[in-house]
Each structure stands twice: as structure tokens, then as C-alpha cells.
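To start, the structure under review is shown below, and the notes come after it.
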Amino acid sequence: MPDTVITRRRLALCCSLAPFVTLIACATRPSASALPPGAAAALAPTGRLRACINLGNPILANRDAAGVVSGVSVDMATLLAQRLGVPLELVVVDAALKSVDTVKADLADIGFFAIDPRRGDGIGFTAPYVLIEGAYLVRRDSAFTDNAQVDRQGTRIMVGRGSAYDLYLSRELKVAQLLRTPTSQTVVDRFLAENADVAAGVRQQLEADAVRLPGLRLLPGRFMVIEQAMGLPLTRGAAASAMLAGFVEQAKASGYVAESLARHGIRGAMVAPVAG
């Protein structure tokens, strides 16, 4: 999949490399539990942790003008590599579907995904670490005032191909038609260019587009809640899946995920409850 990987960047895990990756804490939190013996071999068998980062979800990852990739998912990957005691290599893609394909093909050891049953055939998911709202955007003069009105005959909804919203709406819509664009970042531009009726996506991305482009508004509320989890190839086995799941629960319980959201100024997302 030569077009899947946009950038590979190996990161030594120390505070002196802060310009290249956002580190929330250069040392492991005192309250965090150590990973079990054998975790490095199970989760990073090549001797480095290859983490697939999807730029299609701006809540979790972004690339700045200098080309530096940072965000909540980068922070989580950084912490895991620290716990494993291995270098971190970011495998950066621009769309959710590419992230899924990358991890399924074992071109990355871990990834960050919205949980969806259609992705479970090759990826083992942890419990969610973050909950994110999915929203609809329309033109200011649209007749739509409520999310429940959207699923009508003749309504055309633009969505990022393979995104959580695409998968969810493909199951839930009865009569509205889905139009797909290659990445979530281009949804609103294609929505306008093709004169679609509705754009669907991450609330924060749509809010930014509504500021950037005149004559747009978001419908109130949300049409879905996205459960963002970590995942790894199912071929790694049950033990590796359990180790990754345990890491996610530690990161939530210790406050690390909440600190990451706050550090990056993320609104409209919340830490998922710690699994019972």
C-alpha cells in the first residue's frame, strides 16, 4: 500500500525531542502501573513501536505548518512507547480507511480508531479512551433545523469515505443518500462544490469550516457519539490485546487522557469511563 503511508518519523523518546512530537509528560506518571513482562515483544516486535496516526480526525491529531504531527493520539503513542522502553515511529495517514488498512496489513503495531463492527474483522479494539460527537452541517438557508429531519427522500449527505460517520450512517439511514469524499478534511468543500444538502463529520471540524466559509451552520446536538479506541492487528493474539487494553485503562484512570485533551485545547470530547 504505497499510498497509505504519507510520513514515517522515528522519534527517540526523551524530552529533548519536544520540537518533533508533543509530550505531555516526559516521565511516566507515578500512579501508572507497569506493563507486564513481555509487553515490548508482544506490542512492538520489531524493536520499535510503529503507531499509525490518522490526520482525518482533527480532535486526535494534526500536522502544523512545519510538518510536526501532534495531538492526543500522538501523546498516547508516546506514553506507550515510553512504557515499553522502545523508540516510537509514527506512520501518518490522512484518512480513517487508510489507518484501518495500515494496521490490518501489519504495517503498524497500533492505531487509533472509532469503534465500528465493520472494522473488527482484522483489528482488536480496546475499550474507548475518548468520546466524540458527530454532527451535521447545512447551509444557513436550509430547511433542516433538527438531526431527525435529515433522513428524508432526496437528501444528499457528504461524508468522508470509510470514516466512523460513513459506517454508522450506512447502517442507520433509511432513505437519504450518502456521497463520499476521500478524506474527512474535504467534506465541507465537496459538500459545497456538489451542492449536497448536509455535511456529516466531527463537530470540531465542521465548526472550523463554518468559521472559514460563510453561510453555513451546524444543526443542534449530535447524531452519534463516536467511541475512539486503540487497536492492533488481531494476529498479535489475545495476550497482546489484553496488554494494550490494560494500558488504555491505566491512561484514563491516571488522568493522562484528560490532561492531553486539556493541553491540546480540545472541546466537545470527553474521557471515556474507566472499564469496570
Normalised per residue, the volume inside the convex hull of the alpha-carbon atoms of the chain in Å³ amounts to 128
Taking the chain and counting helices only, DSSP H stretches of n ≥ 4 at -39,500 (n - 2.57) each over all residues, the nearest-500 ellipticity at 222 nm comes to -8000 deg cm²/dmol
Rounded to the nearest 10, the angle in degrees between the Cα long axis of helix 72-84 and the longest principal axis of the Cα atoms of the chain comes to 20
Computed from the beta carbon distance with a Förster radius of 30 Å, FRET efficiency for Asn62 and Ala148 to the nearest 0.05 stands at 0.40
Placing each pseudo-label 7 Å from Cα in the direction of the beta carbon, Arg140 and Asp121 end up separated by a distance in nanometres of 4.6
Listed residues Val175, Val225, Val103; largest mean-square fluctuation, Gaussian network over the chain with Cα springs below 10 Å, found at Val175
If one builds a Gaussian network model of the chain from Cα atoms under 10 Å apart, the most fluctuating residue listed among Leu219, Leu88, Leu97 is Leu219
In the neighbourhood of Val274 defined by beta carbon distances under 9 Å, the net charge of the other residues (Lys, Arg +1; Asp, Glu -1) is 0
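Using 0.36 nm per residue, how much length does the chain from Arg180 to Glu207 gain when fully extended, once their Cα-Cα distance is taken away?
Taking Arg180 through Glu207 to full extension adds about 7.8 nm, to one decimal.
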Toy charge model, Lys and Arg Cβ at +1, Asp and Glu Cβ at -1: the chain dipole around Cα centroid in debye, rounded to 20, equals 180
Volume per residue (Å³) of the convex hull spanned by the alpha carbons of the stretch 133-224 is 81
Largest fluctuation, Arg161, Arg222, Arg212 only, Gaussian network model of the chain with Cα springs under 10 angstrom, belongs to Arg212
Packing-ranked peptide list from 116-129, 197-210, highest mean Cβ count within 10 angstrom first, is 197-210, 116-129
Residues other than Gly215 with Cβ under 13 Å of its Cβ, Lys/Arg counted +1 and Asp/Glu -1, net out at +2
With Rg from the Cα atoms and Rh as the Kirkwood inverse mean 1/r over Cα pairs, the stretch 55-95 has an Rg/Rh of 0.99
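Where a number appears in this text, it was derived from the coordinates with a stated rule and is not lab data. Fair warning: this is a prediction, and the values are worked out from it, not measured in the lab. In this analysis, Cβ positions are derived from the backbone assuming ideal geometry, glycine residues included, and neighbour counts consider all displayed protein chains.
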